[in-house]
Amino acid sequence: MKKHVMLIFGTRPEAIKMAPVVREFQRHVDKFKTTVCVTAQHRQMLDQVLDLFGIKPDIDLDLMQAGQTLAQLTARALTGLEAVMAENRPDWVFVQGDTTTVMAASIAAFYQGIRVGHVEAGLRTNNKRAPFPEEINRRVTSVIADLHFAPTERARKALLAEGVPADKIHITGNTVIDALLWVKDRLSNAPPEITAEMTDALRDKKMVLVTGHRRESFGATFENICLAVKELVAAHEDICVIYP
């Protein structure tokens, strides 16, 4: 009998790292019924990744709202996922990482007696305020999870130290590498819009890629990041900063 596996994610990083897992489950239609559920905790950024990997969600909760608090998001994710699981009754729920979607999906599955597989398990800073709220999200998920897919030996040891049975932990590496290699094989050249806009800017220069999206960076910290980038460019004429 096929096992029904539901893969749940809601943000851009989750989608990137879960895409190889989704594709692998979908390859084995003789063994698994695969349902993809997205919360759309990130809407536009999530959709970009879904398009890139050719993944069409079976269920889309579309939870993103402007200005919503973490408590509001958590409540909406928990109740929305409760209904989805009650209707579909998967044998397993798979989640990835440490987002609010991950924690809510794990709790919803626990309430309904559904087993949970945690991809990228065992990451720890041992500081519940950093990263916030991710450190607590992943710790809660680890308490609930039935199988833990750790990316490294260090992550495995962290789980063992917390009392997770060794036979429930599997070192898999990080699925972001699988995603990277999958995309690399499909990109023979840079997208035309990037080539047209950046060829001259990048000629004879080193490219520095900058991202700044962390909740911890809001406000004055974000201003400092921008000022630091400005100083870096002023001090080094041989670099070009790309900030998507």
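Answer with one residue from Ile144, Thr34, Ser217: the one whose Cα lies farthest towards the positive end of the charge dipole of the chain, charges on Cβ with Lys, Arg +1 and Asp, Glu -1.
Going by the charge dipole, the pick is Ile144.
Please work out whether the range 1-145 counts as rounded, prolate or oblate from its C-alpha gyration tensor, where a ≥ b ≥ c are the square roots of the eigenvalues and a/c under 1.5 means rounded, while otherwise a/b larger than b/c means prolate and anything else oblate?
rounded
Which whole-number percent of Cα pairs in the chain have a distance greater than 31 Å?
Value for the chain: 31 percent of Cα pairs lie more than 31 Å apart.
Among Asp58, Asp91, Asp178, which one shows the biggest mean-square fluctuation in a GNM of the chain, springs joining Cα atoms closer than 10 Å?
Asp58
Going by the alpha-carbon gyration tensor, a ≥ b ≥ c the square roots of its eigenvalues, is the range 116-244 rounded (a/c under 1.5) or, if a/c is not under 1.5, prolate (a/b greater than b/c) versus oblate?
In terms of gyration-tensor shape, oblate.
Hey, if we sort Cys240, Cys226 by accessible area with the 1.4 Å probe, largest down, what's the order?
Of Cys240, Cys226, the descending order of accessible area is Cys226, Cys240.
So which of Lys33/Lys56; Lys31/Lys184; Lys3/Lys157; Lys33/Lys168 end up more than 18 Å apart, counting from Cα to Cα?
Correct reply: Lys31/Lys184; Lys3/Lys157; Lys33/Lys168.
Rounded to the nearest 5, what % of the DSSP beta bridges within the chain are antiparallel ones? Mind dumping the intermediate values first?
On the way: 0 of 27 bridges.
About 0 percent, rounded to the nearest 5.
What value, in deg cm²/dmol to 500, does the helix sum -39500 (n - 2.57) over DSSP H runs of n ≥ 4 give at 222 nm once divided by the residues of the chain?
-14500 deg cm²/dmol
Hey, if we sort His28, His118 by accessible area with the 1.4 Å probe, largest down, what's the order?
Solvent-accessible surface, decreasing: His28, His118.
Count charges around Glu82 for me, please; just the other residues with Cβ under 15 Å from its Cβ, Lys/Arg as +1, Asp/Glu as -1.
+1
Using label points projected 7 Å from each Cα along Cα→Cβ, tell me how many nm separate Lys205 and Lys2, to one decimal.
Taking the simple label geometry, Lys205 and Lys2 are separated by 5.2 nm.
Mind checking which helices in the chain clear 18 Å along their axis (Cα) and have mean Kyte-Doolittle hydropathy of 0.0 or more, DSSP H runs only? Kindly include the intermediate steps, with their values, before the conclusion.
Numbers: long enough: 12-27 (23 Å, -0.62); 70-88 (26 Å, 0.53); 220-235 (22 Å, 1.12).
Sorted by number, the helices that extend far enough and score high enough are 70-88, 220-235.
Using a Gaussian network model of the chain whose springs link C-alpha atoms within less than 10 Å, name the residue from Asn127, Asn137, Asn224 with the highest mean-square fluctuation.
Of Asn127, Asn137, Asn224, the most mobile in the Gaussian network model is Asn224.
Apply the a/c threshold of 1.5 to the C-alpha gyration tensor of the range 70-176 and tell me whether it is rounded, prolate or oblate.
oblate
Can you send over the solvent-accessible area of Lys31, 1.4 Å probe, protein chains only, in Å² to the nearest 10?
Ignoring ligands and nucleic acids, Lys31 comes out at about 120 Å².
Would you mind calculating the relative contact order of the range 1-53 from Cα pairs under 8 angstrom and at least 6 residues apart, reporting the percent as a whole number?
Values: 64 pairs, mean separation 26.8, N = 53.
With pairs under 8 Å counted, the relative contact order is 50 percent.
Among Ala158, Ala166, Ala105, which one moves the most in a GNM of the chain with springs linking Cα atoms closer than 10 Å?
With Cα springs under 10 Å in the chain, the top fluctuation among Ala158, Ala166, Ala105 is at Ala166.
The values are calculated or read from the model by the stated rules, or taken from the named source; none is laboratory data. Source: prediction; values computed, not measured. Here Cβ is always computed from backbone atoms with ideal geometry, including for glycine, and neighbour counts include all displayed protein chains. For accessibility, only protein heavy atoms count, side chains too; no ligands or nucleic acids. Shrake-Rupley method; radii C 1.70, N 1.55, O 1.52, S 1.80 Å.
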